[in-house]
Amino acid sequence: TVSMDELIRQAHTALYIAKKERNRIVIYTPDMDQARLRERILANDMRDALEKGQFELYYQPILSVKDGAVRQAEALIRWNHPQFGRISPVEFIPIAEETKLIIPISEWVIRQACNKVAEWRTAGLHDIVVSANLSLAYFDNHAYHLPEFVREAIQQAGITSADLKLEITETVLMSDPDYAVGTMQILRDYGVSLAIDDFGSGYASFQYLRDLPIQTIKLDRSLISDIDSNPKGRMIVQAMINIVHGLHLETVAEGVETEEQFRYLKECGCDHVQGFLFSRPLPADEFAAYCRAAKGAEQSQ
Ligand code: C2E
Ligand code: MG
Ligand code: MG
């Protein structure tokens, strides 16, 4: 037996689906639990979310440790859903990967990022490199020529390949390493920079760092959060930065939240920092304002 409240909740669930699926009769079944329901709704709504302009790119400043200047930003996608409000990419990117919508969404992200660089330049904000995240399902799609698309997006926006960076996780090397490295090489030959994202959260294999055509290693937030509390964690961060530098690659520390973390990263010679201590991801115009304020502070010193 179910309680009255539960019965009403189940009826609401069925009603929601009935409305979504064009007013057909829907009978509640236990597999319509909340998570799955939400997932189904999101998968369904995602199909025309692009057309409806519901996606938005936020930009998180990446600061140079040496002089505090902001010359880079990471583009982070948000979905402004009419019912659920702002939805995190952690929730909807996996759904997009399943439904294959990851291709048009990723294309939108790349185009949007390139256009934003051009727009900022016109507005007097020079030298901002934007880095965009590429999901495995997009990067590793053999039927799709990613470098060609990237090249066209850069040309159409009127920027150069040095203005764009692409972030991938080490998982792209798991399914078909030869194909992944081939794609990376084409992008690199074309002049786009590549970063390994979330390094230290998975296998953290140093072997591939040796051979990949990449420029940047982003140290995962989990490594950085260890700095405050864990002496061994501090040693790992230091050692990793040394190895990465030894390979002539640069480091970005992700998820820097405390002054102590920042101080330690400086000591270790980390090149760039990104995190809530400096700024959360911002809408495009707020990011531009952040950069202008940072420049003003620099000049008045
Ligand atoms: P990521 O690429 O590692 O991005 C960094 C995430 O850390 C962002 O979460 C950012 O808001 C968050 N973050 C930054 N600084 C701090 C901090 O100091 N503390 C904490 N706790 N978090 C911090 P977000 O925006 O929710 O994105 C999550 C993930 O979703 C990204 O991780 C990335 O893997 C993926 N993603 C975001 N945008 C895109 C996109 O356009 N395409 C694809 N394929 N994936 C994306
Ligand atoms: Mg990233
Ligand atoms: Mg990351």
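The residue of segment 277-294 that is nearest to ligand 2 (Cβ to nearest atom), among those that are in contact (Cβ under 8 Å) with a residue 12 or more places away in the chain and over 13 Å from Tyr58 (Cβ atoms), is Phe278.
The set of residues in segment 96-127 being at pLDDT below 95 and touching a helix residue (DSSP H, G or I) at 6+ places or on another chain (Cβ under 6 Å) consists of Glu97, Thr99, Leu125.
Just to verify a result, which residue in segment 222-276, among those that are hydroxyl-bearing (Ser, Thr, Tyr) and within 20 Å of Ile196 (Cα to Cα), is surrounded by the fewest Cβ atoms within 10 Å (Cβ to Cβ)?
The initial filter retains those residues of segment 222-276 that are hydroxyl-bearing (Ser, Thr, Tyr), namely 222, 225, 229, 251, 258, 264.
When the remaining residues are screened for being within 20 Å of Ile196 (Cα to Cα), the result is 222, 225, 251.
Working: Ser222: 13, Ser225: 18, Thr251: 24.
By that ranking, first place goes to Ser222.
Checked against the criterion of being modelled with pLDDT under 95, of a type in the set (A, V, I, L, M, F, W, C) and either surrounded by 11 or more Cβ atoms within 10 Å (Cβ to Cβ) or under 20 Å from Ile110 (Cβ atoms) (or both), the candidates Leu37, Leu57 yield just one match: Leu37.
Residues are listed down the side, and each one gets a yes or a no for (1) of a type in the set (D, E, K, R); (2) modelled with pLDDT under 95; (3) touching a helix residue (DSSP H, G or I) at 6+ places or on another chain (Cβ under 8 Å):
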| residue | (1), (2), (3) |
| --- | --- |
| Asn133 | no, no, yes |
| Tyr138 | no, yes, yes |
| Asn141 | no, yes, yes |
| His145 | no, yes, no |
| Glu152 | yes, no, no |
| Gly158 | no, no, yes |
| Asp163 | yes, no, yes |
| Ile186 | no, no, yes |
| Ala195 | no, no, no |
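Of all residues in segment 270-293, those satisfying the criterion of being more than 10 Å from ligand 1 (Cβ to nearest atom) and either under 13 Å from Leu219 (Cα atoms) or of a type in the set (A, V, I, L, M) (or both) are Cys270, Asp271, His272, Leu282, Ala284, Ala288, Ala289, Ala293.
If Ala73 satisfies every condition in (1) of a type outside the set (Ser, Thr, Tyr); (2) away from ligand 2 (no atom under 16 Å from the Cβ); (3) out of contact with any Leu (no Cβ under 6 Å at 6 or more places or on another chain) but one, which is the exception? Checking Ala73 against (1) of a type outside the set (Ser, Thr, Tyr); (2) away from ligand 2 (no atom under 16 Å from the Cβ); (3) out of contact with any Leu (no Cβ under 6 Å at 6 or more places or on another chain), the one that fails is (2).
Given (1) surrounded by 13 or more Cβ atoms within 10 Å (Cβ to Cβ); (2) in contact with a helix residue (DSSP H, G or I) (Cβ under 7 Å, 6 or more places away or on another chain), where does Glu167 come up short, assuming only one miss? Glu167 satisfies every listed condition except (2).
Would you check if there is a residue in segment 151-162 being touching a residue at least 12 places away in the same chain (Cβ under 8 Å) and at positive phi? Yes, some residue in segment 151-162 is touching a residue at least 12 places away in the same chain (Cβ under 8 Å) and at positive phi. Filter segment 224-234 down to the residues that are under 14 Å from Phe262 (Cβ atoms), within 15 Å of ligand 1 (Cβ to nearest atom) and not β-branched (Val, Ile, Thr) and list them by number. Of everything in segment 224-234, those that are under 14 Å from Phe262 (Cβ atoms), within 15 Å of ligand 1 (Cβ to nearest atom) and not β-branched (Val, Ile, Thr) turn out to be Ser225, Asp228. Counted as qualifying within segment 44-126 are the strands (runs of 3 or more DSSP E) with 3 or more residues that are within 16 Å of ligand 3 (Cβ to nearest atom) and within 18 Å of the chain's Cα centre (by Cα), namely 55-64, 70-81. When each of Ile168, Ile154 is tested for being of a type in the set (A, V, I, L, M) and more than 16 Å from ligand 1 (Cβ to nearest atom), the lone residue that passes is Ile154. In segment 112-144, of all residues being of a type in the set (D, E, K, R) and within 24 Å of Asp198 (Cβ to Cβ), the one that is surrounded by the most Cβ atoms within 10 Å (Cβ to Cβ) corresponds to Lys116. Flag set for Leu212, criterion: touching a residue at least 24 places away in the same chain (Cβ under 8 Å), of a type outside the set (Lys, Arg) and more than 16 Å from ligand 2 (Cβ to nearest atom).
Within segment 59-82, residues that are at positive phi sit with their Cβ atoms under 9 Å from residues that are aliphatic (A, V, I, L, M) and surrounded by 16 or more Cβ atoms within 10 Å (Cβ to Cβ), at 6+ positions apart or across chains, in these pairs: Gly68/Ala294. Could you check how many residues of segment 248-265 are away from ligand 1 (no atom under 16 Å from the Cβ) and touching a residue at least 40 places away in the same chain (Cβ under 8 Å)? Total meeting the criteria: 1. On the stretch given as segment 252-279, residues that are charged (D, E, K, R) and touching a strand residue (DSSP E or B) at 6+ places or on another chain (Cβ under 6 Å) total 2.
The values are calculated or read from the model by the stated rules, or taken from the named source; none is laboratory data. Quick caveat: nothing in here was measured; it's all calculated off a predicted structure. Here Cβ is always computed from backbone atoms with ideal geometry, including for glycine, and neighbour counts include all displayed protein chains.
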